[in-house]
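Here's the structure we're looking at; comments come further down.
The values are calculated or read from the model by the stated rules, or taken from the named source; none is laboratory data. Worth saying up front: this structure is predicted, and the values here are computed from it rather than measured. Virtual Cβ from ideal backbone geometry, glycine too; neighbours counted across all protein chains shown.
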Amino acid sequence: MIKTASKIPLPGDLAMWVLILAELSVFALLFITYAVSRQLNPELFFNGQQLLHPIAGSLITIALLSASFFVAQSVNFYHQVKPRLAAASMWLAILCGLVYLVIKNWEYQQLIEQGIGLSTDSFFTYYYLLTIFHMFHVILGLGLLTYVAINLMKENWREGNILESISSYWHMVDLVWLILFPLLYLVH
């Protein structure tokens with residue numbers, strides 16, 4: 001007897017997955033252009049990396065990974081019909097996302113005080129372009145997570161599809177940072 005593989009549906013809405021694929025495609029193109037530019041001028045990119053704050057980048061990574069953990073916990077609690085725990089986990093995720101924003105803004109401020117801006121050189125043009133574009137996604141994600149957290153506090157909210165869609169979007173934002181961090185801060 002031949003068994004057929006059971007089809008596991010994608011979490012969330014198909015439209016969200018199309019958006020996630022589009023966003024990942026844009027980031028992939030930016031990563032490719034960054035890599036080509038780095039190959040053309042490795043010394044400039046190496047010198048630029050030396051001016052970044054790897055501890056700040058590491059703390060941002062911990063904050064975003066923690067946020068994703070709490071988002072996943074929120075989804076699990078939702079499916080276990082524990083709305084208060086689901087809401088609490090979502091608020092913790094939002095708090096971790098806010099930590100990201102504080103650290104990233106501090107890092108920008110440190111660079112700007114040194115006279116390093118978008119037009120300093122090619123490395124910093126890419127640095128600001130990539131990280132600000134990512135930050136816009138984090139801010140949008142935090143807005144969406146806040147919408148979900150507020151609704152999770154309503155014990156009769158039964159919009160698991162919205163929760164799954166927004167959680168998937170947040171994990172995409174986290175994934176992008178997991179590529180950005182080593183690309184900008186670590187890989188020489």
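One residue stands out among those in the range 103-137 that are in contact (Cβ under 8 Å) with a residue 40 or more places away in the chain and of a type in the set (Phe, Trp, Tyr): the one that is farthest from Ile32 (Cα to Cα), which is Trp106.
Only one entry in Leu44, Leu111, Leu118, Leu95 is in contact with a Phe, Trp or Tyr (Cβ under 9 Å, 6 or more places away or on another chain) and closer than 30 Å to Leu152 by Cα, namely Leu95.
Considering only residues that are assigned to a helix (DSSP H, G or I) and polar (S, T, N, Q), look in the range 90-143 and name the one that is farthest from His79 (Cα to Cα).
In the first step, residues of the range 90-143 are kept if they are assigned to a helix (DSSP H, G or I); the result is 90-113, 122-143.
Now restrict to residues that are polar (S, T, N, Q): 105, 109-110, 122, 125, 131.
Values: Asn105: 35, Gln109: 42, Gln110: 43, Ser122: 47, Thr125: 43, Thr131: 34 Å.
Residue satisfying both the conditions and the ranking: Ser122.
Could you list, in sequence order, the residues of the range 11-57 that are part of a loop (DSSP other than H, G, I, E, B) and in contact (Cβ under 8 Å) with a residue 60 or more places away in the chain?
Taking the range 11-57 as the starting set, the residues that turn out to be part of a loop (DSSP other than H, G, I, E, B) are 11-13, 41, 50-53.
Correct list: Pro11, Gly12, Asp13, Asn41, Leu51, Leu52.
Considering the range 132-149, the residues that are crowded, with 18+ Cβ neighbours inside 10 Å and of a type in the set (Val, Ile, Thr) include one that is farthest from Trp91 (Cα to Cα), namely Val138. Among the residues examined, Tyr100 does not qualify as among the hydroxyl-bearing types (Ser, Thr, Tyr), closer than 30 Å to Lys154 by Cβ and at pLDDT below 95. Filtering the range 144-180 to residues that are assigned to a helix (DSSP H, G or I) and more than 20 Å from Leu21 (Cα to Cα) leaves Thr146, Tyr147, Val148, Ala149, Ile150, Asn151, Leu152, Gly160.
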